[in-house]
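Working notes for the structure below.
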Amino acid sequence: MDYDIKDICLAGAGRERIEWAERDMPVLSGIRERFAAERPLLGVRISACLHVTSETANLMRVLAAGGADVVLAASNPLSTQDDVAAALVELYGVRVFARKGEDTETYYQHIGAVVDHNPQVTMDDGADVVSCLHSEHPEKLSAIIGGTEETTTGVVRLASMAADGTLRYPVIAVNDAKTKHFFDNRYGTGQSTLDGVVRATNRLLAGRTLVVSGYGWCGRGLAMRGAGMGMQVIVCEVDPLKALEAHMDGYRVMPAVDAAAFADVWVTVTGDLNVIDEEAFMNIKNGAIICNSGHFNTEINIAWLDQHCTDKQLLKPLVEEYTLPNGRTVILLAEGRLVNLSAAEGHPAEVMDMSFANQALCAEYLLKATEDLAAGVLPVPAEIDDEIARLKLASLGVRIDSLTPEQERYLSSWREGTI
């Protein structure tokens, strides 16, 4: 198949959505202009597994402008915007394998389709393409120059592969760039997750209790936004330093089983397994809404719910109510998948502007530095991170100071102290 999407006739609506997002992506637009002139990716085969959204479409346009041969699959079965997928195929010449609501079998068929592209560069959002290549198609690895990874979950998987000595090519951890996780994870996840909850339920947030499992950058942003909406916030953590930070930031901190009794809305953002489990379910507040903004749908033990509930009802799209053995009910959003992309539109374009600028510039960097890069998980070069921040400030009309030669000399010398 050249592509597999829902309906090619949706392309016109998809273009409108893509162009609307482009208005808030000036850094990426500037990179596209340069790439169109310089063609730094000419002929390079790029296999991408990312959320198929309007923001991602603008990244695909940059890669195509740079001369790349791009194929795209969805990194989540519920995150695809079908009109955007149609526009990419019909209007921008990008082969797309993604349908909103696709089943697990189709999802992995689509992963297989981008692997069949025989990539030279991979772009992952969760490391599914990297994993598939290493476990099922090792014969394709010798042709791969490198890859990029967008998520915390994916970086954790790749670090595990590197520690085992199984990762065979260099992958840049785009997720760890300062211009990614400081903004995308904190401001993007914080806003879009609550957007997903509100769109799915239309519940008032003010006055309710929000439980946040995980106080990384996503959890920080979510707690901050919840508090800003008038919610009382409880944080659950396993890391003592992060728990202490949450306490100092003014939030209540307690174990999940205790927090369950207070939860009106409970969001997991840990990237781990069974964060909300049997003990918490049996202590949970009646009618609590639970959802996940971590990459995979593993953070809520849905299998336990399915096995032990006495009743299960679909109340409305993406809203399921489970009746627990003790008679209480719990409401699960979006099948436990990324609620911000399943029930809403994902991160705002302003933050994805920086995240996807990292993706584009790191792809260019991989091609330029091929012979100098060893297999493993690599950081985004500091000069790329700094350049993206500079370009973003310029697009916002924000000016900053610069060091004088005297100040630079002072900072580079150990000889000067108290005067």
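The values are calculated or read from the model by the stated rules, or taken from the named source; none is laboratory data. Remember, predicted model here, so these are calculated numbers, not experimental data. When we count neighbours, we look across all protein chains shown, and the Cβ atoms used for this are built from the backbone with ideal geometry, even at glycine. Side chains included, ligands, DNA and RNA excluded: accessible areas come from the protein's heavy atoms. Shrake-Rupley method; radii C 1.70, N 1.55, O 1.52, S 1.80 Å.
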In region 321-362, the GluC sites (Glu not before Pro) that sit in a DSSP loop and have at most 13 other Cβ atoms within 10 Å of their own Cβ are none
Here the residues of region 131-174 lying in the modelled label zone of TRP304, meaning backbone nitrogen under 19 Å from a point 7 Å along Cα-to-Cβ, are none
Taking every other residue with Cβ under 9 Å from the Cβ of TYR92 and scoring Lys and Arg +1, Asp and Glu -1, one gets +1
Bridge orientation stat for the chain from DSSP, antiparallel percent rounded to 5, came to 20 percent
Of GLU90, GLU406, GLU19, the most mobile residue in a GNM of the chain (C-alpha springs, cutoff 10 Å) is GLU406
Order by accessible surface, 1.4 Å probe, largest leading, for residues CYS362, CYS218 comes to CYS218, CYS362
Taking alpha-carbon centroids only, region 12-91 lies from region 154-192 a number of Å equal to 20 Å
Taking only protein heavy atoms and a 1.4 Å probe, the highest-to-lowest accessible-area order of LYS180, LYS6 is LYS6, LYS180
Once both label points are put 7 Å beyond Cα along the C-beta direction, the LYS6-GLU33 separation in nm becomes 3.5 nm
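Could you please report the charge total around ALA143, scoring K, R as +1 and D, E as -1 over all other residues with beta-carbon less than 15 angstrom from its beta-carbon?
0
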In nanometres, the difference between 0.36 nm per residue of separation and the alpha-carbon distance of LEU393 and THR370 is 5.3 nm
Note on the chain: helices (DSSP H) long enough, at least 20 Å by alpha carbon along their axis, and hydrophobic enough, mean Kyte-Doolittle at least -1.0, are 349-368, 382-396
Residue-normalised value, i.e. accessible area per residue, for the chain at 1.4 Å probe, in Å², stands at 44 Å²
From DSSP H assignment alone, runs of 4+ in the chain each adding -39500 (n - 2.57), the sum over residues rounded to the nearest 500 puts [θ] at 222 nm at -12500 deg cm²/dmol
For region 295-419, the percent of accessible surface on carbon and sulfur atoms (probe 1.4 angstrom, ligands and nucleic acids excluded) is 52 percent
Here FRET efficiency (C-beta to C-beta, ASP272 to ARG415, R₀ 56 Å, nearest 0.05) is 0.70
For Cα extents along the principal axes in Å the list reads (1) 72, 64, 44; (2) 57, 52, 44; (3) 90, 63, 38; the calculated value is entry (1)
Expected field for GLU105, accessible surface area in Å² at 1.4 Å probe radius, rounded to 10, holds 120 Å²
If each K or R counts +1 and each D or E counts -1, the residues other than TRP304 whose Cβ falls under 13 Å of its Cβ total -4
Within the set ASP239, ASP125, ASP385, GNM on the chain using Cα springs under 10 Å gives the largest fluctuation to ASP239
The ratio Rg/Rh over the Cα atoms of region 198-305, Rh being the Kirkwood inverse mean 1/r radius, stands at 0.93
Rounded to one decimal in nm, the spacing of the 7 Å Cα→Cβ label points at GLU408 and ALA206 is 5.2 nm
Restricting to Cα pairs under 8 Å and 6 or more apart, the percent relative contact order of region 54-208 works out to 15 percent
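Express the C-alpha Rg of region 327-412 as a ratio against the empirical globular expectation 2.2 N^0.38 Å, rounded to two decimals.
1.72
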Links exceeding 19 Å between C-alpha atoms in this model, out of LYS100/LYS178; LYS100/LYS316; LYS100/LYS180, come to LYS100/LYS178; LYS100/LYS180
Rounded to the nearest 10 Å², the 1.4 Å probe accessible area of ARG328 is 90 Å²
Taking 0.36 nm per residue of separation between GLU139 and ALA227 and subtracting their Cα-Cα distance, the length gained on full extension comes to 26.6 nm
So the carbon and sulfur contribution to the accessible area of region 1-54, 1.4 Å probe, in percent, is 47 percent
Answer check: region 43-154, Cα atoms, Kirkwood Rh, Rg/Rh ratio of 0.93
Excluding residues fewer than 8 positions from LYS140 in its own chain, the lysines with Cα under 23 Å of it are LYS368
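Which length gain, in nm to one decimal place, applies between THR323 and GLU19 when the Cα-Cα distance is subtracted from 0.36 nm times their residue separation?
Contour length minus the Cα-Cα distance gives 105.1 nm.
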